[in-house]
Structures are given as C-alpha cells and as structure tokens.
Amino acid sequence: MSSTDSKHRQTAEQAPSDATTYRFVELGGEGQVETASLAEECALAISYNGISYAVMMVSPTSLEDFVAGFSLSNAVVQSIDEIYDIQLEGEGIALHAEVDIGNRAFWSFKEQRRNLAGTTGCGLCGVEALEQALPRLPALEPAPLPPARHFVNLRQRINEAQELARRSGALHAALFVDDEGELRLCREDIGRHNALDKLVGALLRQRLDPRAGFAVVTSRCSLELIHKAVRAGLSTLVSLSAPTTLTVEWARRHHLNLIHLPHHSAPRVYSPAPPREVPTP
C-alpha cells in the first residue's frame, strides 16, 4: 500500500501534534486568566474508489492508521492487502480520505450500499441495524492467555505512553503489548472506537502479528470493540473498565481472550470461561 504526502497527513511514525491551548478563568474565582491544552478534533470524510461512505469525528493524528483499521473493522475490506492507497487531503477541521481498494472489496462494498438503499421506507431498516449491531463473525483460533508478569505496572506504563492525554485530557487510548511484555504501540483519539481502529491500522500497516501480544483499551469495553478485535484477529483484549455481560458472552463465543485490569487488584479473566467448580462429594 502506497500513500502520497499531503499538508495535513499524520502517519503512524510521526509524533502526535501539540494540543491547542485555550485561555480560561475559574468560576467564582478572582478573574485570573490561565491556560489549558485541549484535545483537537476534526471531521474526516472517507470515500472508497470515489464513493462516499462516512464522516467521522476524529483526533487529527495517525489518520492513515485510522482509515486502515476502520476499513477492516467495518468489513469494507477483509485484509490490509485490499487497500491499495490512501490519499489524505484538506485543511483545518475538514479532511478527506480517498481510499483505493481492490475490485473484490469494491464490488462487495457497492452491493452492501445497494442493499441498504433498497431498505429505505420498507420496514427493514431495523433489521439492517440489528445485523450491524449483532453481526455474524468467524470464531478465532483459541490462544493462550498472556503471562501475569506482563501486567505488572501496566496502568502506569499506559499513563506514561498517553502523550496527548497527559497534555489535554479527553482522549481514549488503545495500546499493544507484544509477547515480550513490551508496550509497542499507543494510539489516542477522542473516540474509543477510533482509538482501537487506529491501533488495528498501525498493526496492519507495520505488519505486526495481532496474536503475538494483546491489545489494551482505556475506555469502556463495549460490544463494538469486541467486533473490531475479532475482525482484526487479536487474540486478547484487555480493558481498564469492567465488561458487560454481552461483551463477555460474545468474547467467549468467538474465542477472544477478555481480561479486565482493575485499579487495585489482579487481572480478571472473563474469557475463556473458567472451569465450573466440581462439588465436593
């Protein structure tokens, strides 16, 4: 996959841009003016082979990673090799990503759009929405759990890796810890889904094995994040917040290791399901 430089392109290798500084006064204070760094946000329109698909509100960093991960997690493509090129254009808060995808992926993409258009006003829109919310996904090959030692001081290491969040707050992060326990990648965004898409895109574009380690999300672990993890081929997803019942059930069903890392206790493995206790005779 090749890509052409543009004025506002951010790649996986570039350092995150500085947050924007704003002046403020404290309510009920003495009127002293202070400054704070705030997270940046922009609108990114995404098109595939000239056909518009979506407009997403994102943080303007690692945008090629985001587009690659978004394309895979939304089933527009089945592999990174079906993305031939990503062109990023625009200025300020309005950016556009033109994505060149292969013929097979483009045919499937157009067919999906045709089916969605055909449901307008016919009473099937709810069915389409349910199919998107609860899609049929192939189960992963079961993988061993990461060793407990890889979780030592992990929260502290995550905080140190979140460069943008330390400056501005209001950002979620998705990170990848390799099979040696090293924190290899950190991607941040105003949207929790976007952060994971950026991480998946970075793994794909850098040709890193998503099963040789585990991903961490700092946000609430919603069902959509389970979908993205399974589609990306991740073996293990770690969440800093407790999962819901539905995310646990879907993780178990699709053989995705799901671990919750609480603040002050040991990691909790929810998937795979622990063996049932055998009553003592």
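Counting only protein heavy atoms, what percent of the accessible surface of region 168-229 is carbon or sulfur at a 1.4 Å probe?
On the way: 820 of 1950 Å².
That fraction is 42 percent.
Over region 199-281, average the accessible area per residue using a 1.4 Å probe and give it in Å², no decimals.
Details: 3950 Å² over 83 residues.
Heavy-atom accessible area per residue stands at 48 Å².
What is the extension gain from Leu145 to Arg207, computed as 0.36 nm multiplied by their sequence separation minus the C-alpha to C-alpha distance, in nm to one decimal? Mind dumping the intermediate values first?
On the way: separation 62, 0.36 × 62 = 22.32 nm, distance 2.19 nm.
Result: 20.1 nm gained on full extension.
So for each of 219-228, 158-167 I average, over its residues, the number of other beta carbons within 10 Å; can you give me the resulting order with the highest mean first?
Working: 219-228: 20.5, 158-167: 17.1.
In descending order of packing, they fall as 219-228, 158-167.
Could you work out the mean projected area of the convex hull around the alpha carbons of region 130-281, in square nanometres to one decimal? Display every interim value, and only then the final one.
Numbers: hull surface 42.0 nm².
If you wrap the Cα atoms of region 130-281 in a convex hull and average its projections, you get 10.5 nm².
Against the globular-protein guess of 2.2 N^0.38 Å, express the Cα radius of gyration of region 155-207 as a ratio, rounded to two decimals. Before the final figure, lay out the partial values.
Details: Rg = 10.9 Å, N = 53, 2.2 N^0.38 = 9.9 Å.
Ratio of Cα Rg to 2.2 N^0.38 Å: 1.10.
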* Give or take rounding to whole Å, what are the principal axis extents of the alpha carbon atoms in region 192-281, in descending order? -> 55, 24, 21
* **Long-range amide H partners of Leu137 with built H, under 5 Å** => none
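How much length is gained on full extension from Glu249 to Glu89, taking 0.36 nm per residue of separation minus their Cα-Cα distance? Could the numbers behind the result be given before it?
On the way: separation 160, 0.36 × 160 = 57.60 nm, distance 4.10 nm.
Result for the pair: 53.5 nm of gain on full extension.
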* To do: Pop out the ³J(HN,Hα) list for region 33-44 in order, Karplus 6.51 cos²θ - 1.76 cosθ + 1.60 with θ = phi - 60°, rounded to Hz; leave Gly and Pro as x.
  => 7, 10, 10, 8, 8, 10, 5, 7, 8, 8, 9, 10
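The values are calculated or read from the model by the stated rules, or taken from the named source; none is laboratory data. Keep in mind it's a predicted model, so treat the numbers as computed, not measured. Methodologically, a virtual Cβ is constructed for each residue, glycine included, from the backbone with ideal geometry; neighbour enumeration extends over all protein chains shown. Note: areas computed on protein heavy atoms with side chains; ligands, DNA, RNA excluded. Shrake-Rupley method; radii C 1.70, N 1.55, O 1.52, S 1.80 Å.
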